[in-house]
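Heads up: the structure comes next, in structure tokens.
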Amino acid sequence: MVDAARHPKIEILAYSEVERVDGYIGNFRAQVTKKPRYVRADLCNGCGACAKVCPIELPNSFELGIAPRKAIDVPHGQAVPLIYAVDLDNCIYCYKCVTACGKLDAIDFSQESETVDLDVGSIIVATGFDSFDPTVIPEYGYGRYPNVITTLEMERLANSAGPTVGRLIRPSDGKMPKSVVLVNCVGSRDSRYNEYCSGFCCMYTIKNALFLKQSDHDMDISIFYMDIRTPAKGYEEFYNRAREAGIRFIHGRPSQITEDAETHNLFVEAEDQALGQVIELETEMVCLSTAAIPRADTEHVASTLTLSRSPGGFFMEYHPKLRPVDSPTDGVFLAGAAQGPKDIPACVAQGSAAASRAARVLSADTWEIEPIVAHVWPEQCLSFQGKKCGLCAQACPYSAITVVQGQAAQVAQAKCHGCGGCVAECPNDAITQANFTDAQVVAQLRELLRDRPEDKILAFMCHWCSYGGADNAGTSHFEYPPTSRGIRVMCSARMDQDFILEAFRRGAGMVLVSGCHPQDCHYITGQRVAAKRFDRMPRALERIGINPERFRVEWISAAEGEKYARVITEMDAKLTSFDKAQLRAENDKARPEIEKRLRRWKAIPQMAELLAEEKQEKQEVPA
Amino acid sequence: MIKLEKLDQAFVEEVLAEPGGEHLLTCWSCGTCASTCLVRRYDPAFNPRLILHKAGLGFRTDVLSSVEIWQCSACDACYPRCPKQIHISEVMKAIRAIAIREGYERPGVVAQVDVASCIACGMCVAACPYEAITLEMSAHNGTSKMAAQVNRDLCMACGICNSVCLSSSIVVEGHTDERINDDLGVSPRLQRGTAKDTAKVLVITCNWCLHAMSDVSYAMQPPEGVKVVNVPCSGRVAAVFLASALQRGVDGVLVVGCKEGECHYKQGNALERGRVAVVQDLLDLLGIERSRAQFAWLGALDRGQFPKLVEQVVRDVQALGPLSWGQ
């Protein structure tokens, strides 16, 4: 941190908040609010004379409430930059600090918050994590029994710069404990709270155990665990050292911790799996290794920067294997525990990777994007025609579209990822997606349904999940009937309901719409846009006289080849059960209504030609 | 040596397919259930984790013929603590269903009905926490009459049916009315005049509410003037027991049940709490202080609370003085 502060090209805006971010990769504009410290940064030398005289004492959040802080203070001793700040909510305006500061005159109560606009090329999100609050687990008694503490509290109690100057004491009586129990997986690997494994708790628990053992060799230390996970380089050796140092490892998750009301000693009950018996251990102190959880403001940051979140709540990376530091928004990168629980070496590695990814953007004059972005035909756009619309902007997961009434919708192409949600949502077909135009999709559809369409299942698949699922079914040799015909688009959001209607107009037997599971969507909210759209589809089909059972929506991940095969098998069985003559009659009946609805397609470039060809074919047939 | 590959995989599938057995393989054997479960106090071999583990490996005969699958009383103390949120009592129920289908029988005692005296009032049917009792036509003296019938597979022998029976026709061997009455009967320790300044207090605890060993040993050797009687469930204690104890020279009664929601027999403690309130109202009517009959909850986390609770009640009763029935 100190190095960063001294670097001529790094400016640290501490005590500030990013309010909003506009623009796109290489050209972001961030609005940042600098909160008033009521201390002038250019004058304060961090001597701390002001804090010494301040009469107000408050719980110190850095010390987890174990020690006090003053109403004018720095967050902690190693804070960078070392500039004091007044906590105005608790200040009593005695101005003793002003007197103590004396000639330096750094304290300035007239300061106000300041908003700055920054032009930046790339953004790295490294907002860290929060620690799980174990008060919600009643059987562990945290918050009720004084001698049950969390690891972070233990860190402060054992830290030589901490409130006890490194003397680990029991909160109940201030004495050094002679025995300590460390409990792993508190709030993690627990479907009541967080399903995921926090990853680094095993190592820090072992570290703490060894640390305690070194500080007092006679201390009785036990670790209760479900599994010890020490997979990284050198970690297993560290674990072995702890075992050999005489730390007791008990394979069993404690079911409850109770307290002796007089001595405040604790009783830990668990089943030792190696013994296959229930054990009870009396100890003087219990330390809970709490889970790392997403920061409380994760959602706020996600909406400011257009990021998505993984099932555990941490920021989601662009791709778990191939692009682990990129976020779904180009030019925004992720580093550290904000992306998922990880230890210091992993954070440093990801931080370095994010920095080099970010530098790549800064050093480039031009930036290549995928040739699948959206384009607007201005005169078709309803907004351009003076009507109130904006459905495309609502569907866009990247806020790449701006709609001002009276003007045509504008697509920021550098922000567009090419999901095609806007194209499908546009009620007037005024947007198209390069290489996935309506005409191109319809041309595919026409060819796939040329012969005996009523025997076929037309499957729309998204590029990232269900297409992968179908591929997986093939490479895994899962058998399924040969009646399905697939059309790949980038996202389920691209699957226009007009395509479904067109498929039935062309006589398709059944239609399948498939895409990613909601939490896996490659385009943040693309799946949700699609799900909402296709929820309405069965009723719409019913209204035009098509049996809604001929239409199905399934979310299939790239790993679910078996599911793809199963869905197609089920659909094929259903298709076989239908009477073909009745199917044809249903299609014939619905055709005029569908044609009426698709009349506006004539205005779409290339589409008119496609429709004309169809007429030609029809005329040729009788001849 | 056990040959794992020789075990019955079809059994695993069967349990998974049985309603309630879906989560059999979700368990990763952390042991939270085993150390939560109180059945092990009376049977150290009881271990729900092992049953699930064995069933998951395919030990068909071992699991189906085990006593353990019948011992789980579905108190669900383990369920809220399970990190995988497995409803273990439901898994046990699923395994039991398979055992019943295959002709295995529940071991141990269950409630017995005396058809001759049963008046088919249906009180036991409503009170049974396990829906083990139904009213059926039963053969009696050459004819048939309506009487309660106990489903052997469901009964947990808590005795709550006995406590609500109007005609004393349903009993659980081992804790009959006579036996409990004898237990509650005023012992020499509690007889009037033996100890002048100490109050005579009768404490009734259920089998499951005392968790810590220190509390259990206190119950086994209570201070002078206090007698502790153990019953299978606080819900087993009919109001008449409390009234007759007070009549027979006790100055105060305290019934201790499990904490709300922790009852080993689902709702016995709630039933008893209502009963004690009725006895209190009755005492009010008779002009006797209502605090002579008290009810208290004790939970799994209340280590060392039992002695304090008893001492508090003794102080209360001491302050009231000896119980006088007046005219």
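The values are calculated or read from the model by the stated rules, or taken from the named source; none is laboratory data. This is a predicted model, so every value here is computed, not measured. Here Cβ is always computed from backbone atoms with ideal geometry, including for glycine, and neighbour counts include all displayed protein chains.
The residues of region A:383-425 that are touching a residue at least 60 places away in the same chain (Cβ under 8 Å), touching a helix residue (DSSP H, G or I) at 6+ places or on another chain (Cβ under 7 Å) and in a loop (DSSP other than H, G, I, E, B), listed by number, are A:P397, A:C419, A:G420. Might you check whether a residue that is in a loop (DSSP other than H, G, I, E, B), surrounded by fewer than 21 Cβ atoms within 10 Å (Cβ to Cβ) and hydroxyl-bearing (S, T, Y) occurs anywhere in region B:33-42? Checked against the condition, which is being in a loop (DSSP other than H, G, I, E, B), surrounded by fewer than 21 Cβ atoms within 10 Å (Cβ to Cβ) and hydroxyl-bearing (S, T, Y), region B:33-42 yields no hits at all. For A:Y196, indicate whether it is within 14 Å of another protein chain (Cβ to nearest Cβ), more than 24 Å from A:G336 (Cα to Cα) and modelled with pLDDT of 95 or more. No; evaluated as a whole, the condition is false for this residue.
Quick check: is even one residue across region A:191-206 crowded, with 19+ Cβ neighbours inside 10 Å, of a type outside the set (K, R) and more than 21 Å from A:P294 (Cα to Cα)? Yes.
Within region A:169-193, the residues that satisfy the criterion of being within 13 Å of chain B (Cβ to nearest Cβ) and part of a strand (DSSP E or B) are A:V183, A:N184, A:C185, A:V186, A:D190. Consider region A:260-278 and keep the residues that are at the interface with chain B (Cβ under 8 Å from one of its Cβ atoms) and under 18 Å from A:D220 (Cα atoms). The one that is surrounded by the most Cβ atoms within 10 Å (Cβ to Cβ) is A:A270. Please give the strands (runs of 3 or more DSSP E) falling wholly within region A:34-122 in which 3 or more residues are within 35 Å of the chain's Cα centre (by Cα) and at negative phi. The qualifying strands (runs of 3 or more DSSP E) are A:114-120. Take A:G246 and decide whether it is within 14 Å of chain B (Cβ to nearest Cβ) and either over 24 Å from A:D130 (Cβ atoms) or out of contact with any Phe, Trp or Tyr (no Cβ under 6 Å at 6 or more places or on another chain) (or both). Answer is no for this residue.
Which residues, counting only those in region B:63-101, are among the polar types (S, T, N, Q), away from every other protein chain (no Cβ under 14 Å) and either part of a loop (DSSP other than H, G, I, E, B) or on the phi > 0 side of the Ramachandran plot (or both)?
Within region B:63-101, the subset among the polar types (S, T, N, Q) is B:65-66, B:71, B:73, B:85, B:89.
Now narrow it down to the ones that are away from every other protein chain (no Cβ under 14 Å): B:65-66, B:71, B:73, B:89.
Hits for region B:63-101 are B:S65, B:S66, B:S73.
Can you spot a residue in region B:78-98 that is under 26 Å from B:L166 (Cβ atoms) and within 23 Å of the chain's Cα centre (by Cα)? Scanning region B:78-98 turns up no residue that is under 26 Å from B:L166 (Cβ atoms) and within 23 Å of the chain's Cα centre (by Cα).
Name the residue, out of A:I257, A:I221, that is assigned to a strand (DSSP E or B), within 18 Å of A:M285 (Cβ to Cβ), at pLDDT 95 or above and away from chain B (no Cβ under 14 Å). The conditions single out A:I221.
Among the residues of region A:302-328, the ones that are at pLDDT below 90 and touching a Leu at 6+ places or on another chain (Cβ under 6 Å) come to 0 in all. Filter region B:18-46 down to the residues that are within 27 Å of B:P232 (Cβ to Cβ) and hydroxyl-bearing (S, T, Y), then identify the one that is farthest from the other protein chains (Cβ to nearest Cβ). Applying the filter and picking the extreme gives B:Y42.
Residues checked against (1) touching a Gly at 6+ places or on another chain (Cβ under 8 Å); (2) at pLDDT 95 or above; (3) buried (at least 20 other Cβ atoms within 10 Å of the Cβ):
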| position | (1), (2), (3) |
| --- | --- |
| B:Q221 | no, no, no |
| B:V226 | no, no, yes |
| B:V240 | no, no, no |
| B:S244 | no, no, no |
| B:R248 | yes, no, no |
| B:D302 | no, no, yes |
| B:G326 | yes, no, no |
